[in-house]
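Heads up: the structure comes next, in structure tokens.
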Amino acid sequence: MKEQAPIKPHSDETSNSYKPVELEKYWQTQWSRNGIDRTPIPTQNQKRFYALSMFPYPSGTLHMGHVRNYVITDVIARVQRMKGKAVLHPMGWDAFGLPAENAAIERGVDPSDWTNQNISQMRKQLERLGLSIDWDREQTTCHKDYYKWTQYLFIELHKSGLAYQKNAIVNWDPIDQTVLANEQVDSEGKSWRSGAIVEKRELKQWFLRITEYAESLLNDLKQLKEWPQRVRTMQANWIGRSEGLEIDFIIQDLPQKKIKVFTTRPETIYGATYIVLSPENKLLNELINNNLKHDVNNFKKEISKLTNIERTDEGRISNGMSINLNAINPANGKTIPIWIADYVLAEYGTGAVMAVPAHDKRDNLFAKRYNLPLKTVIINDKDELNKSDILTTDGFLKNSNELDGLTIFEARKAIINVSIESGWGRKKIQYRLRDWLISRQRYWGCPIPIIHCPTCGEVAVPKEDLPLVLPENIALKNNSRSSLSLMKDWVKVACPNCGIEASRETDTMDTFMCSSWYFLRFADPKNLSLPFSSNAIKEWLPVDQYVGGIEHAILHLLYSRFLTKALCRSGMHNLNEPFKRLLTQGMVQSITYRNPITGAYIKSNMVSDKQNPTDPNTGQKLDVFYEKMSKSKYNGVDPSHVISRYGADTARMFILFKAPPEKDLEWDESDVEGQFRFVNRIWKLINSYINNRTVMLIDEDKYLNVIRLNSDLNKSEKDLRRAVHSTIKCISNDLDKGLQFNTAISELMKLTNSISDNIKNSNEFVINESIVVLIKLLAPFAPHISEELWKKIGGSKSIHLQRWPTFDEKALVIDEFELIIQIKGKVRGKILVSTKLNDKELKSIALDSEIAKKWLKGNIPSRVIVVPQKLVNIVP
């Protein structure tokens with residue numbers, strides 16, 4: 001990237017005053033004007049690097065979590081650019097969703113206006129950080145030039161059978177009045193956004209068949225060696241692969257009906273004493289008679305108040321009822337009763353359980369409550385029954401006919417073979433993962449491009465008619481289902497196939513649909529014919545470094561992997577996994593004050609005594625702790641305040657130095673001040689040298705050649721060169737292998753100290769090298785001050801287009817050391833000697849030294865002890 005015109009430094013050459021806000025604004029303007037951050041067209045043999053942060057929801061306000069995420073990615077992008085790679089570092093906005101719709105309703109404005117205003121505000125805030133983002137590739141998911149392609153991809157999925165609609169028991173958020181995917185319900189059964197207790201309802205909804213990819217999603221986790229193990233484990237657990245046996249239980253008196261049960265413990269079939277159906281199991285309606293329907297419906301109504309977490313809690317005593325039917329155990333022909341119970345869920349397995357209460361905790365509690373029989377079929381050894389009536393570990397079979405005496409694993413193999421040969425069982429692999437529910441009953445989302453025709457059924461909107469645009473000027477209402485269904489003129493449409501009157505789909509897509517492919521669009525953002533070309537994907541993908549929060553481990557990351565694989569299978573590209581390397585950065589925490597009695601959070605500025613904090617309203621003692629920054633906890637720190645006071649470079653340096661990137665960071669204003677002092681120290685050090693210089697060489701090869709020609713360096717010069725090249729090596733390793741930005745900045749501090757210590761006794765070429773290297777190494781972390789200092793020492797092109805320094809192994813060699821001279825074990829002085837000297841030579845030098853002569857006073861030593869490379873002890 002060539003600059004369009006020579007650029008002068010912002011400050012006067014002789015100025016020693018560091019004014020970060022003015023300086024940073026100046027350089028941000030210059031970078032934008034010269035397009036320094038635009039993605040280059042790679043040369044034939046140039047390596048590519050794709051650096052990406054998970055794009056934000058445009059709330060309108062940047063928080064410190066954003067700052068940490070984007071600064072981390074920016075450092076990575078800048079380093080790779082200096083290493084000569086063509087770098088793609090884009091940004092966009094995850095702009096659809098309920099928060100914008102609700103905010104617009106509260107303010108009486110259009111969600112589009114509200115969102116665009118927030119985007120404009122947040123972009124300005126991001127620009128103040130000095131991020132090297134290619135804004136020419138900016139994408140906004142709520143703009144029709146983006147969601148046109150989201151709809152295009154939906155049609156592709158629909159065409160291949162991966163997008164479908166069905167009636168299903170779904171998670172319903174009673175506050176936001178919309179359905180939620182399983183992944184959007186937390187461990188307490190609450191909505192991930194509103195916090196409402198999620199209800200169960202049966203609705204007709206759109207799904208994506210992610211379960212078809214369960215095996216590859218699980219197996220390919222092994223390929224993601226540069227992902228955190230924690231994230232891979234979370235995804236593996238969510239996918240939840242189980243191998244077992246599916247068994248048919250014929251219903252007595254209804255031989256044409258059978259209940260399919262999946263079990264991972266088929267060897268316990270002789271211990272099954274009842275069958276349990278989920279109350280939502282569709283087979284139930286075919287089995288119960290009219291006399292039971294009222295009771296069953298009441299039972300369903302009661303359990304609809306429970307979350308799935310509560311229903312499946314192993315320690316909870318479950319509720320149930322008999323449906324007055326029996327099933328026939330296919331292994332022994334005996335009849336066992338059929339019940340329904342709240343601890344069985346329709347969406348897991350087959351929605352039916354073969355209950356073995358002697359060997360399963362939940363079955364056991366249920367059986368005891370309703371006086372159902374227990375039958376022990378596993379014992380600890382062949383001679384004695386286990387005293388406990390619940391044994392789920394290893395053992396031998398008992399009371400199991402032909403399986404008696406076999407181990408659990410022998411019995412499992414035997415009963416599987418018998419079931420297959422007899423035709424009442426089959427091997428099956430089951431997954432915990434369920435298809436992705438993408439329907440949302442709200443306005444502010446991507447419209448689903450489907451038309452419902454009474455004759456043709458589901459018809460996709462023709463691709464040439466995309467985008468299907470959201471209607472404008474809708475009167476939105478709080479807590480109401482999709483306003484689209486009220487737009488009769490918009491809903492009514494002619495069927496594209498037959499021309500008769502039909503209706504549009506009024507649900508919109510889950511926002512995760514929009515955010516699960518945006519990284520593909522960044523590779524080809526100006527394409528007007530397709531969402532992306534396969535050549536663009538081949539050139540830039542997979543993303544080399546992806547940065548985002550651990551909270552996206554299942555939702556966004558799993559969905560993105562699925563869509564990438566689905567689009568690969570459809571022939572749109574040849575990419576199997578979207579993200580090569582993943583960093584999940586820790587949270588930014590701040591001091592928080594909370595009243596332990598009332599639970600109320602207290603603003604920091606209302607706490608007068610920080611040593612003994614009390615509630616200003618009640619006088620009660622407050623709890624003080626670090627917690628994630630949040631508006632509701634009054635512990636947030638406005639990034640704009642920090643930047644206005646200290647500058648963006650200081651904010652960046654603090655956020656990178658305070659903690660390793662994967663760990664939580666505790667905000668402390670005094671540490672910010674410490675980083676400001678360090679940055680200011682670099683400014684003064686280099687300006688002082690500039691003001692007193694006689695020569696300044698920018699070309700690395702030239703000053704290195706001068707140094708090599710003048711190889712007779714003194715100790716200060718050798719120490720300084722060693723510090724310079726040790727720093728290059730350490731920082732390069734820190735950034736390449738572990739992304740340890742905190743230790744890299746620590747190395748910059750050491751180098752600064754070394755320059756200060758050795759500058760007076762070093763020649764100008766060695767000092768020159770150290771100054772140039774310091775600025776280059778500082779550049780990715782503090783881009784503005786580095787650019788300014790680079791221009792002040794005479795640099796032509798931007799510092800960010802310079803070559804990343806490489807270390808000189810020879811400079812790291814220590815060829816001298818300080819030899820300690822002891823007299824009778826006491827240190828009397830030190831002398832500088834070569835590391836190549838042997839023990840005899842060290843002894844001779846020590847005895848001839850002025851130190852020895854002073855303390856021996858002409859006496860002949862009785863003993864001389866040499867510790868190689870360390871000391872000589874002279875005993876008179």
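The values are calculated or read from the model by the stated rules, or taken from the named source; none is laboratory data. Since the model is a prediction, treat every value here as computed from it, not as a measurement. When we count neighbours, we look across all protein chains shown, and the Cβ atoms used for this are built from the backbone with ideal geometry, even at glycine. These area figures cover heavy atoms from the full protein model, side chains too; ligands, DNA and RNA do not enter into them. Shrake-Rupley method; radii C 1.70, N 1.55, O 1.52, S 1.80 Å.
Residue-wise HN-Hα couplings along region 37-44, as the Karplus relation 6.51 cos²θ - 1.76 cosθ + 1.60 with θ = phi - 60° gives them from phi, are 9, 5, 5, x, 7, x, 6, 4 Hz; Gly and Pro carry x. Applying a threshold of 25 Å to the alpha-carbon distances of Lys334/Lys361; Lys260/Lys305; Lys258/Lys427 flags Lys260/Lys305 as lying beyond it. Each of the peptides 130-140, 612-622, 734-744 was scored by the mean count of other Cβ atoms within 10 Å over its residues; in descending order, highest first, they stand as 130-140, 734-744, 612-622.
If you add up the charges near Phe817, with Lys and Arg at +1 and Asp and Glu at -1, over every other residue whose beta carbon is less than 10 angstrom from its beta carbon, what do you get? Each step should come with its number before you reach the end.
Working: positive: Lys830, Lys870; negative: Asp815, Glu816, Glu818.
Value of the local net charge: -1.
Within the shell defined by Cβ-Cβ distances under 10 Å, the residues around Ile378 carry a net charge of 0, with Lys and Arg each +1 and Asp and Glu each -1.
A convex hull fitted to the Cα coordinates of the chain yields 274 cubic angstrom per residue.
Taking the three principal axes of the alpha carbon atoms in region 153-231, the coordinate ranges are 40, 35, 19 Å, sorted in descending order. Where only DSSP H runs of four or more residues are counted, the chain gives -10500 deg cm²/dmol as its mean residue ellipticity at 222 nm, each run worth -39500 (n - 2.57).
The packing ranking, built from the mean of other Cβ atoms within 10 Å per residue, places the peptides 240-248, 41-49, 838-846 in the order 240-248, 838-846, 41-49, highest first.
Relative to the longest principal axis of the Cα atoms of the chain, the long axis of helix 669-692 lies at roughly 40 degrees. The value for region 252-330 of Rg(Cα) / (2.2 N^0.38 Å) is 1.22. Relative to the longest principal axis of the Cα atoms of the chain, helix 764-778 runs at roughly 10 degrees. Normalised per residue, the accessible area of region 711-771 is 38 Å², obtained with a 1.4 Å probe and no contribution from ligands, DNA or RNA. For region 14-121, the solvent-accessible area of protein heavy atoms averages 38 Å² per residue (probe radius 1.4 Å; ligands and nucleic acids excluded). Accessible surface of the chain, 1.4 Å probe: 48 percent of it comes from carbon and sulfur atoms.
Per residue, what accessible area does region 148-215 have, given a 1.4 Å probe and all protein chains present, in Å²? Please list the in-between numbers first.
Values: 2560 Å² over 68 residues.
For region 148-215, the solvent-accessible area averages 38 Å² per residue.
Total lysine pairs in region 531-637 at Cα distances under 18 Å, for residues eight or more apart or on different chains: 10.
If you take every residue apart from Pro496 with its C-beta less than 15 Å away from the C-beta of Pro496, what net charge results, scoring Lys and Arg +1 and Asp and Glu -1?
Working: positive: Lys159, Lys463, Lys492, Arg504; negative: Glu458, Glu464, Asp465, Glu501, Glu505.
Around Pro496, the charge tally is -1.
Converting the Cα gyration tensor eigenvalues of region 164-206 into ellipsoid dimensions via √(5λ) gives semi-axes, longest first, of 18, 10, 8 Å.
Quick one: if the Förster radius is 41 Å, what FRET efficiency do Lys854 and Arg722 give, using the C-beta to C-beta distance and rounding to 0.05? Working from the Cβ atoms, E equals 0.85.
The alpha carbons of region 441-521 stretch over 35, 35, 19 Å along the principal axes, in descending order.
Can you tell me the length gained on complete extension of the stretch Asn401 to Asp145, counting 0.36 nm per residue apart and subtracting the Cα distance? Please report the intermediate quantities before stating the final value.
Details: separation 256, 0.36 × 256 = 92.16 nm, distance 6.80 nm.
Taking Asn401 through Asp145 to full extension adds about 85.4 nm, to one decimal.
When you count the other C-beta atoms within 10 angstrom of each residue and take the mean per peptide, 826-836, 413-423 line up highest first as 413-423, 826-836. Sorted from longest to shortest, the spans of the Cα atoms of region 794-864 along the three principal axes equal 67, 23, 18 Å.
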